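Enquirer: Structure in structure tokens, see below.
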Amino acid sequence: MTTLSGIIFIIGKAFLLALAAPFVSGIIRKTKNCMRMRRGQGLFQFYFDIRKLFSKDEVISKNVSWIFFAAPAVVFTASVLALLMILMVQPGSFTSDGMAILIAVFFVFGLARFFLALAGLDAGSSFGGMGSSREMFISSFAEPAIFITAFVLCVSGGNSFKVSNLLALFSVSMAVIAETSRIPVDNKETHLELTMIHEAMVLEYSGRSLALIELASHIKQIVFFTILSWYIFTPQVPGIYAWAIFPAKIAAISIIVAFVEISLAKMRLFRAVDFLSFSFFIALVASIAASLGL
């Protein structure tokens with residue numbers, strides 16, 4: 001495959017994944033409603049919500065600066081860029097180049113988080129500032145664990161039967177729950193001011209800007225689910241056959257996430273610190289095991 005055709009292939013896959021990202025969130029919500037024995041909303045409801053937001057006007061505070069206007073575009077662009085970068089990694093044959101790409105992906109998400117936190121503070125609302133401070137507080141515990149597990153994945157070569165990879169899977173699963181704003185760390189379905197983290201930062205947004213932020217959160221989720229699939233479903237099937245079974249992998253992870261959410265309750269903020277600290281400790285143990293070749 002030539003370089004140009006490879007780039008076109010990656011862009012095509014990224015477009016399809018970005019298009020399917022709201023559907024993955026729909027699978028999670030539909031599964032949760034089925035477990036609760038409720039009818040709930042359909043699998044495509046997030047598409048309808050995003051389309052409706054794009055058709056609405058925006059209500060903008062007079063006190064905001066350019067950061068508030070730039071944040072949605074930066075967050076969406078960063079999510080799409082992270083998706084393109086993650087597709088450059090070859091699952092099942094992780095090298096130092098793959099680790100460098102993974103670290104770059106996490107830095108790109110860090111840029112998006114930085115702008116979104118600043119936008120939450122920019123409007124001057126108490127909820128926005130509260131959400132921004134909580135987001136940075138939680139990310140300071142989740143990001144180190146993700147960095148270490150990326151190192152373990154590259155050292156172990158993606159072998160799911162190694163002790164180090166199993167420990168890394170457990171650690172990164174806890175960190176992904178926090179990064180995707182899922183229970184027990186966060187809850188996207190609530191607007192209670194005492195529990196909001198991600199939702200508090202975007203309360204001031206509406207219309208097209210809110211649509212971009214919501215779409216970016218769906219794309220970010222599918223990026224982390226893709227990374228998580230490397231730990232669970234390894235060794236990978238090489239070639240195009242890997243992408244033939246990829247939707248089944250993401251669907252399986254979505255159902256597992258829904259089961260975890262329905263089984264646990266939302267933690268208090270400072271209990272989430274213990275949760276993520278334990279994830280970091282497991283990641284350290286996994287890195288030691290990977291260094292020993294276990």
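Enquirer: Quick test for you: out of S126, S206, S217, S132, pick the one residue that is of a type in the set (G, A, S) and in contact with a helix residue (DSSP H, G or I) (Cβ under 6 Å, 6 or more places away or on another chain).
Expert: Numbers: S126 fails: in contact with a helix residue (DSSP H, G or I) (Cβ under 6 Å, 6 or more places away or on another chain); S206 fails: in contact with a helix residue (DSSP H, G or I) (Cβ under 6 Å, 6 or more places away or on another chain); S217 fails: in contact with a helix residue (DSSP H, G or I) (Cβ under 6 Å, 6 or more places away or on another chain).
Only one candidate qualifies: S132.
Enquirer: Quick one: is T149 touching a helix residue (DSSP H, G or I) at 6+ places or on another chain (Cβ under 9 Å), part of a helix (DSSP H, G or I) and free of Cβ contacts under 8 Å to residues at least 60 places away in the same chain?
Expert: Values: touching a helix residue (DSSP H, G or I) at 6+ places or on another chain (Cβ under 9 Å): yes; part of a helix (DSSP H, G or I): yes; free of Cβ contacts under 8 Å to residues at least 60 places away in the same chain: no.
So T149 does not fit the description; no.
Enquirer: Any residue that is at pLDDT 90 or above, surrounded by 16 or more Cβ atoms within 10 Å (Cβ to Cβ), among the small types (G, A, S) and within 30 Å of P184 (Cβ to Cβ) - is there at least one of those in the range 125-139?
Expert: no
Enquirer: Also, quick follow-up: Count, please, the residues in the range 40-95 that happen to be at pLDDT 90 or above, more than 25 Å from S132 (Cα to Cα) and among the small types (G, A, S).
Expert: Qualifying residue count, the range 40-95: 1.
Enquirer: Go through the residues of the range 250-261 one by one and say whether even a single one is in a helix (DSSP H, G or I), over 25 Å from A145 (Cβ atoms) and modelled with pLDDT of 85 or more. Steps first, answer last, please.
Expert: First, the residues of the range 250-261 that are in a helix (DSSP H, G or I): 250-261.
Among the residues that remain, those that are also over 25 Å from A145 (Cβ atoms) are: 251.
In the following step, the residues that additionally are modelled with pLDDT of 85 or more were identified as 251.
So far as the range 250-261 goes, yes, one or more of its residues are in a helix (DSSP H, G or I), over 25 Å from A145 (Cβ atoms) and modelled with pLDDT of 85 or more.
Enquirer: Let me ask you something else. Looking at F109, is it under 19 Å from H218 (Cα atoms), of a type outside the set (A, V, I, L, M) and without any contact (Cβ under 8 Å) to a residue 24 or more places away in the chain? Step through it out loud before you land on a result.
Expert: On the way: under 19 Å from H218 (Cα atoms): yes; of a type outside the set (A, V, I, L, M): yes; without any contact (Cβ under 8 Å) to a residue 24 or more places away in the chain: no.
In short, no.
Enquirer: Going through the range 8-33 one residue at a time, which ones are β-branched (V, I, T) and exposed (fewer than 13 other Cβ atoms within 10 Å of the Cβ)? Talk me through it step by step, then tell me what you get.
Expert: Start the filter on the range 8-33 by keeping residues that are β-branched (V, I, T), which leaves 8, 10-11, 24, 27-28, 31.
Those that are β-branched (V, I, T) and exposed (fewer than 13 other Cβ atoms within 10 Å of the Cβ): I8, I11.
Enquirer: Another question about this same structure. When you scan the range 35-56, do you find a residue that is of a type in the set (D, E), more than 30 Å from S156 (Cβ to Cβ) and in contact with a Lys or Arg (Cβ under 8 Å, 6 or more places away or on another chain), even just one? Talk me through it step by step, then tell me what you get.
Expert: Here is the first cut: in the range 35-56, the residues of a type in the set (D, E) are 49.
So of that shortlist, the ones also more than 30 Å from S156 (Cβ to Cβ) come out as 49.
With in contact with a Lys or Arg (Cβ under 8 Å, 6 or more places away or on another chain) added as a condition, the list becomes none.
Within the range 35-56, none of the residues are of a type in the set (D, E), more than 30 Å from S156 (Cβ to Cβ) and in contact with a Lys or Arg (Cβ under 8 Å, 6 or more places away or on another chain).
The values are calculated or read from the model by the stated rules, or taken from the named source; none is laboratory data. Computed from a predicted model, the values in this text were never measured in an experiment. Here Cβ is always computed from backbone atoms with ideal geometry, including for glycine, and neighbour counts include all displayed protein chains.
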